[in-house]
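Before any comments, here is the structure.
We did not get these values from a lab; they are worked out from the coordinates using the rules stated. Keep in mind that this is a model prediction, so the values were computed, not measured. For neighbour counting, all protein chains shown are included, and Cβ atoms are generated from backbone atoms with ideal geometry for every residue, glycine included.
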Amino acid sequence: MPTVTVEIPTSLKIALDGETARVGGDESTVITAALAEHLGTPVHTLFQISTSGALVAGVYSRAVSVKTILDHGDFGLGTFADLDGEMVVLDGRVYQVQGSGRVSEAPSDAGAPFAVVTRFAPQIDLEAGPFADLAALQAQCDSLRTSGNIFYAFRLEGRFSSTRTRAVAPPEKGVRLAEAAKSQSEFHFNNIDGTLVGLWSPGFSSAFSIPGYHFHFISKDRQHGGHLLDCAAAKLQLSMEALADFHLALPETESFLKADLSKNKPEELAYAEHAH
Ligand SMILES: [Zn+2]
């Protein structure tokens, strides 16, 4: 993160010291929060469009454009209108991994029914590994989290000895997610450079989010990717951001407004999201 040196009046410095002592934080945190509020630029905020429950119920129609997603973050994941592939948002670019395995940069007017993004500003950046599998990688991420009650963003970058991903292909209209997930393609790669874009969501968020870890992968050459099922790596650069602000934007599309979201079963989402 950049460092800024500024001169401020003594009166402001006294007030700043008072506020820093009151919140029990450090000066940088207090100044960053004050600047963010004054400039209308949210920090450490997760912005989500629609709910995981709506996806489970088959609400796949366009809710927002890629441009709107990028207005709220430069890092995250989601899916595309009609469930046309996995979305990877990295360094302010949006990539589409289609069921065929084809990866392309999504145009700004492409539509999405669901996405979760943040302006990635990691507080932790370190070298991590080795990871024999995804469970080991998640365990290392767990050791860095200081709470089970807020959201976290994880970025892991480097050479993967193996990755296993999947990507959904557009199902027939009205098909529920668990059914659509049966026709997805899987991709295996060995010795591939790339980045994992990950989010960790607390258990209580299961009503509208995907609890636990959710990783999407994109290769360095931007030719391969998808929803991560498993991976292994000797060492990766790991950065993490704690996210204590959450903004949920609900679609005003007809399919969302009229959907019956009361019959959702958590097993359906778990089935669609995990390896099977
Ligand atoms: Zn996914």
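Conditions tested, residue by residue: (1) within 14 Å of the ligand (Cβ to nearest atom); (2) buried (at least 22 other Cβ atoms within 10 Å of the Cβ).
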position	(1), (2)
35	no, no
38	no, no
42	no, no
52	yes, yes
69	no, yes
82	no, no
95	yes, no
124	no, no
127	no, no
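Confirm whether residue 147 is surrounded by fewer than 14 Cβ atoms within 10 Å (Cβ to Cβ), hydroxyl-bearing (Ser, Thr, Tyr) and within 16 Å of the ligand (Cβ to nearest atom). Step through it out loud before you land on a result.
Working: surrounded by fewer than 14 Cβ atoms within 10 Å (Cβ to Cβ): yes; hydroxyl-bearing (Ser, Thr, Tyr): yes; within 16 Å of the ligand (Cβ to nearest atom): no.
No.
With 246, 256 as the choices, which residue is over 25 Å from residue 85 (Cβ atoms), of a type in the set (Phe, Trp, Tyr) and away from the ligand (no atom under 16 Å from the Cβ)?
Numbers: 256 fails: over 25 Å from residue 85 (Cβ atoms).
On inspection, the qualifying residue turns out to be 246.
When the residues of region 224-239 are filtered to those that are part of a strand (DSSP E or B), within 16 Å of the ligand (Cβ to nearest atom) and more than 15 Å from the chain's Cα centre (by Cα), the one that is farthest from residue 79 (Cα to Cα) is 231.
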